[in-house]
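In what follows, a single structure is set out as structure tokens and then discussed.
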Amino acid sequence: MNILALCAHPDDVEFICAGTLLKYREAGHRIFIALATSGNIGSNSMTSREEVARTREREQSAAAAMLGAELKFLRYDDQLLTDTPEVRREILNAVRWADPDVILTNYPGDNSTDHAITGRIVGRVLLSCGSKLIPSDRRMMAEDLGRKRIYRFPQENWMPIAAISVSNELAAQLFQHQQPVHHGDGR
Ligand SMILES: [Zn+2]
């Protein structure tokens, strides 16, 4: 199967679902990671958004390499993600890029604007993946969307209805590739 983690920020994957992705990879599945933003306001110790983005993309690339994941950055500005036709098109492109059987994404109820918008748009564009008349730069996917599963992970006010038990040394190492970050209005 193809497994896609489509999240708002670098580190969302490592904090929440890297162990799950490792389990999928160890079972022989292909892993894809797409990030709506590069987390470019996620540090108060750096002097520019560009420096933050470069640092966080480098960290994310190292973590993705450890996961054996293919990686795509959409590079929208951190904390400024909005639901526009352009953003929907790029998220649809990312879904079609991975042609996933399973999608892991943010929870639309999170206070973080980026988490909420990312999670909401991923759910919306799934309905469009099989439509050839929807604007996109990628091939349409099979119309059989019933085989796809989508799991959303809240990062605040935790009350999961399901959790995956992971115990993996590599999962612990992945955290070392992500620095503590500052989020302006919550994670
Ligand atoms: Zn986040």
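The values are calculated or read from the model by the stated rules, or taken from the named source; none is laboratory data. No experiment lies behind these values; they were computed from the predicted model shown. Glycine gets a Cβ as well: all are built from the backbone with ideal geometry, and neighbour counts include every protein chain shown.
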Worksheet item: With respect to Ser128, is the statement that it is within 17 Å of Phe32 (Cβ to Cβ), at pLDDT below 90 and more than 16 Å from the chain's Cα centre (by Cα) true?
Response: no
Worksheet item: Pick from Glu59, Glu50: which is more than 16 Å from the ligand (Cβ to nearest atom), modelled with pLDDT under 95, of a type outside the set (A, V, I, L, M) and in a helix (DSSP H, G or I)?
Response: Glu50
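Among the hydrophobic types (A, V, I, L, M, F, W, C), more than 16 Å from the ligand (Cβ to nearest atom) and surrounded by 24 or more Cβ atoms within 10 Å (Cβ to Cβ): is that true of Leu4 in this structure?
Considered against the rule, which asks whether it is among the hydrophobic types (A, V, I, L, M, F, W, C), more than 16 Å from the ligand (Cβ to nearest atom) and surrounded by 24 or more Cβ atoms within 10 Å (Cβ to Cβ), Leu4 comes out as yes.
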Response to the item:
Of the residues in the stretch 104-118 that are buried (at least 24 other Cβ atoms within 10 Å of the Cβ) and within 11 Å of the ligand (Cβ to nearest atom), the one that is nearest to Ala5 (Cα to Cα) is Asn106
Practice prompt. Mind telling me which of the residues Glu50, Glu26 ends up being surrounded by fewer than 18 Cβ atoms within 10 Å (Cβ to Cβ), over 25 Å from Tyr151 (Cα atoms) and free of Cβ contacts under 8 Å to residues at least 60 places away in the same chain?
Written response: Glu50
